[in-house]
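Accompanying notes for the structure given below.
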Amino acid sequence: MARKAPAEDPGDSRLRVGPPKDHAAGVPAVTSSLRHAHAQMGVRRSLLTLLSVNQKSGFDCPGCAWPEPGHRHRAEFCENGAKAVAEEATLRRVGPSFFAEHPLADLAARSDYWLGRQGRLTHPMYRPAGSDHYRPVSWDEAFAVVARELRTLDSPDEAAFYTSGRASNEAAFVYQLFVRLLGTNNLPDCSNMCHESSGSALTETIGIGKGSVRLEDLYEADLILVVGQNPGTNHPRMLSALETAKDRGARIISVNPLPEAGLLRFKNPQRPSGVLGGGTRLTDLFLQIRLGGDQALFQAFNRMLLEAEDDAPGTVVDHDFITAHTHGFEDFADWARKTSWDDVLEATGLSAREIREAFQEVLAAEKIVVCWAMGLTQHRHSVPTIREVVNFLLLRGNIGRPGAGLCPVRGHSNVQGDRTMGIYEKPDAAFLDALGAEFGFEPPRPHGHDAVDTIRAMRDGRVRVFVALGGNFVSAAPDTDLTERALRNCELTVQISTKLNRSHAVAGRQALILPCLGRTEADLRSAGEQQVTVEDSMGMVHLSRGRLAPASDSLLSEVAIICRMADAALVSDGPPVPWADFEADYDRIRDRIARVIPGFEDFNARVRAPGGFALPHPPRDERRFPTRTGRANFSVNQLDVLRVPAGRLLLQTIRSHDQYNTTIYGLDDRYRGIHQGRRVLFVHPDDLAAQGLAEGEPVDIVSEFSDGVERRAPAFRTVAYPTPRGCCAAYFPETNVLVPLDSTADISNTPTSKSIVVRLEAAR
Ligand code: SF4
């Protein structure tokens, strides 16, 4: 029995601001999880679903990519995992009658929060050119529309195929195969906007764009640095891993512009101390760094390590490791010794005392893990920053041994898996050779468009068909007004989705919504019930098996949609691909993956082992570094100090606690003291005073960029908050309008969403 979604779109009419919290989780996390679950699913369905998530024979949480521990708790999920599951398994439905009631213009005027609460899509819908309404369409008619529009293109490069990190390995593999058979590498993905800087820096320095640690390494570390990451909201089960590490004596340094509750203390609801007591203090030393100051901090650490080695030769730097496994040490060391303390202090906003105190922790630790997320990857100098982190770990051989290594924590549940499956606009030759050999064709070689380039191409009319496998592209992308115009400039936009979102309202002249099964739902194909696979942030590949009855009989799985679309769109005289067989039995897809992608040999057998299997990682497993030098590469990085004109601030876009990427679960951000509202701007009280503003005063935020375009986010309530001087923060997607499309990280082309120069004006 379908449930009616709340009609009202409250906006910030009930906004309340209170003090931020100094701890995460606890009993409120349990009550919040149950409240969200009950509101969307009711009691019985909540129990069935929540007790299946992240279990060995259950389904993988559609939230973040944090790995499963060997031993699973009966409740193996966090508060935000429960919200993610509840959103997908909701009993609310969006069918033809909803679209008859709501023209696109109405939907476009709604908040992301309201759109997301409407529920699961039930039928394929089509918006013909010239119409402001979606109407029901049959699957075959839908695929015929796609085929027709793709065939009218002058080149396959006039189409782009986006992937959000929720797509399964099997869906991602057949998707990239279809797109490459079509003849293009235009395969942008959400990774382009999040961890691309990590991939670029790691591929260059250690030869593989993935983190080198396993969960056990966190437990065994002496020191864990959590940098530019807010695990309490974005990877909550990581707090359990940090707590276990603390139990074993690890020290934790957190480096973040904001004193996030989840960094300070964890009240684990699975422990009596977390329910009745004060929980576990996590961070031993908190460094409240300026936005973009992390490169300088690691350059300072590296200089100090070299100086400590000079003072006591053979006691600090691991020369054996450096000699045996690295390249470029001398140039790096010469450069590092010249690091300017003035620049370090200006860039970090930290005192020399704080940096020295942290350095003593570094010096005292043998095994070090560095964890990071968007706080490192979304700046113009993000790639050099992450290269500096690698320098830091290479100096003491902290790669390829237990208790040590690199830990970029992925945001979306299978974003790493999708990239492994070939979802990449810059595929390497070896992958294309293997794919071509397996399917008997010559894949396209020229690199395609990433996310930012795809927006440029749609804006300029060079991309006319945009297909999205999951996600909410328009809300995830930067420069919202421009991106909306670019999407509306397309002849056809196609969204393969589970739930209603803004990307359905901001559409091309023609538009299709293709509703698919969710991760929680049983996937029955002609060969029987199917399971999919995902790869977590630490390279573990495992099965996911949905349990619930589909939200509608008209849904198809991601794999089925792609296989039928490919069958309809590709020319009949192309290489024979058994799309129907793939749709019928995913084992057949996995057999092909096993022959094309290294590390997946005997895929079907190995993935059926409890917990799945680990993919090879040469630096971690053998201290072998498949780089251009065949060694781990030290690098020399020009220090980039972010300087802001007088009276301006540096803004970072952030998530609230009731949010996952662009999905808004609720209007609270209880860890930061925000209730029932989202248009808030966190500013240091002294900066408010310097701007002549009182707390609570409404302002317009205006970003300033070299293109001279005015980008304005109106009517934000100022909140006095403990941010570093000169730095402020506000939620996305509301502030993505302020991020200029051309403001991207060097090398990775990732939007610089963590360091935008803004001015504040009295609200108009
Ligand atoms: S930590 Fe991430 S993957 Fe795990 S339950 Fe929470 S949201 Fe889901």
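The values are calculated or read from the model by the stated rules, or taken from the named source; none is laboratory data. Computed from a prediction, not measured in an experiment: that's the story for all the values here. Virtual Cβ from ideal backbone geometry, glycine too; neighbours counted across all protein chains shown. These accessible areas exclude ligands, DNA and RNA; they are computed on the full protein's heavy atoms, side chains included. Shrake-Rupley method; radii C 1.70, N 1.55, O 1.52, S 1.80 Å.
If you take all other residues with their beta carbon under 12 Å from the beta carbon of residue 426, and give Lys and Arg +1 and Asp and Glu -1, the sum is -4. When +1 charges are put on Lys and Arg Cβ atoms and -1 charges on Asp and Glu Cβ atoms, the dipole computed for segment 196-409 relative to its Cα centre reaches about 940 debye.
With K and R counted +1 and D and E -1, the other residues having a Cβ less than 9 Å from that of residue 228 yield a net charge of 0. Please grab the % of Cα pairs in segment 24-88 that end up more than 19 Å from each other. Distances greater than 19 Å cover 24 percent of the Cα pairs.
What's the local net charge at residue 403, with K and R +1, D and E -1, over the other residues with C-beta under 9 Å away?
Values: positive: 367, 401; negative: 216, 217, 220, 222, 366.
Around residue 403, the surrounding residues sum to -3.
Can you give the FRET efficiency for residue 144 and residue 437, using 1/(1 + (r/R0)^6), R0 = 35 Å, r = Cβ-Cβ distance, to the nearest 0.05? Working shown, then result.
Numbers: r = 32 Å, r/R0 = 0.91.
The calculated FRET efficiency here is 0.65.
With an a/c value of 1.5 or above and a/b not larger than b/c for the gyration tensor axes a ≥ b ≥ c computed over the alpha-carbon atoms, segment 491-593 is described as oblate. Peptides 733-739, 383-389 ranked from most to least packed give 383-389, 733-739, packing being the mean of other C-beta atoms within 10 angstrom over each peptide's residues.
Show log10 I(q)/I(0) for the chain at q = 0.05, 0.08 Å⁻¹, two decimals, from a solvent-free Debye sum over equal Cα scatterers. Results for the chain at q = 0.05, 0.08 Å⁻¹ read -0.23, -0.61. Extents of segment 196-409, taken as max minus min of Cα coordinates on every principal axis and listed largest first, are 54, 35, 35 Å.
Quick check on segment 648-762: take the gyration tensor over C-alpha atoms, sort the square-rooted eigenvalues as a ≥ b ≥ c, and tell me if it's rounded (a/c under 1.5), prolate or oblate.
Working: a/c = 1.75, a/b = 1.14, b/c = 1.53.
Since a/c reaches 1.5 but b/c is at least a/b, the shape of segment 648-762 is classed as oblate.
Reducing segment 55-91 and segment 662-717 to their Cα centroids gives an inter-centroid distance of 32 Å. Here the accessible area of the chain is 52 percent carbon and sulfur, with a 1.4 angstrom probe and all protein chains present. Treat each spin label as a single point 7 Å out from the Cα along the C-beta direction, and report the residue 363 to residue 429 distance in nm. Between residue 363 and residue 429, the label points sit 4.8 nm apart. The distance between label points at residue 31 and residue 707 comes to 4.7 nm (points 7 Å beyond Cα on the Cα→Cβ vector).
Rounded to the nearest 5, what is the percent of antiparallel bridges among the DSSP beta bridges in the chain? For the chain, the DSSP antiparallel bridge percentage is about 40.
Can you tell me the accessible area per residue over the chain, all protein chains present, probe 1.4 angstrom, in square angstrom?
Values: 25480 Å² over 764 residues.
Result: 33 Å² of accessible area for each residue.
Taking Cβ separations below 4.7 Å as the criterion for a possible disulfide partner, the isolated cysteines in the chain are 61, 64, 78, 190, 194, 490, 516, 563, 727, 728.
Expressed as a rounded percentage, what relative contact order does the chain have, with Cα pairs under 8 Å and six or more residues apart? Before the final figure, lay out the partial values.
On the way: 1773 pairs, mean separation 164.6, N = 764.
That works out to 22 percent.
When +1 charges are put on Lys and Arg Cβ atoms and -1 charges on Asp and Glu Cβ atoms, the dipole computed for segment 502-637 relative to its Cα centre reaches about 660 debye.
Computed over segment 360-443, relative contact order equals 28 percent, with contacts defined as Cα pairs under 8 Å that lie 6+ residues apart. Using a 7 Å offset from Cα along Cα-Cβ at residue 71, what residues in segment 271-288 end up with backbone N under 15 Å from the label point? Counting backbone N atoms under 15 Å from the label point, the list is 271-272.
Using just the helices of the chain, give the 222 nm mean residue ellipticity in deg cm²/dmol: DSSP H runs with n ≥ 4 each add -39,500 (n - 2.57), and the total is spread over all residues, rounded to 500.
-10000 deg cm²/dmol
Classify segment 630-712 from the C-alpha gyration tensor, please: rounded if a/c falls under 1.5, else prolate or oblate depending on whether a/b exceeds b/c. Write out the running numbers ahead of the final one.
Working: a/c = 2.09, a/b = 1.29, b/c = 1.62.
The shape class here is oblate.
Label positions at residue 588 and residue 675, each projected 7 Å from the Cα along the C-beta direction, are separated by 5.7 nm. Straight-line cross-link partners of residue 426 among the lysines, defined as a Cα under 20 Å from its Cα and at least 8 positions apart when in the same chain: 210.
Rounded to the nearest 20 debye, the dipole magnitude of the chain is 2140 debye, with +1 charges on Lys and Arg beta carbons, -1 on Asp and Glu beta carbons, and the Cα centre as origin. Report the calculated FRET efficiency for residue 762 and residue 310 (r = Cβ-Cβ distance, R0 = 60 Å), to the nearest 0.05. The computed FRET efficiency comes out at 0.65.
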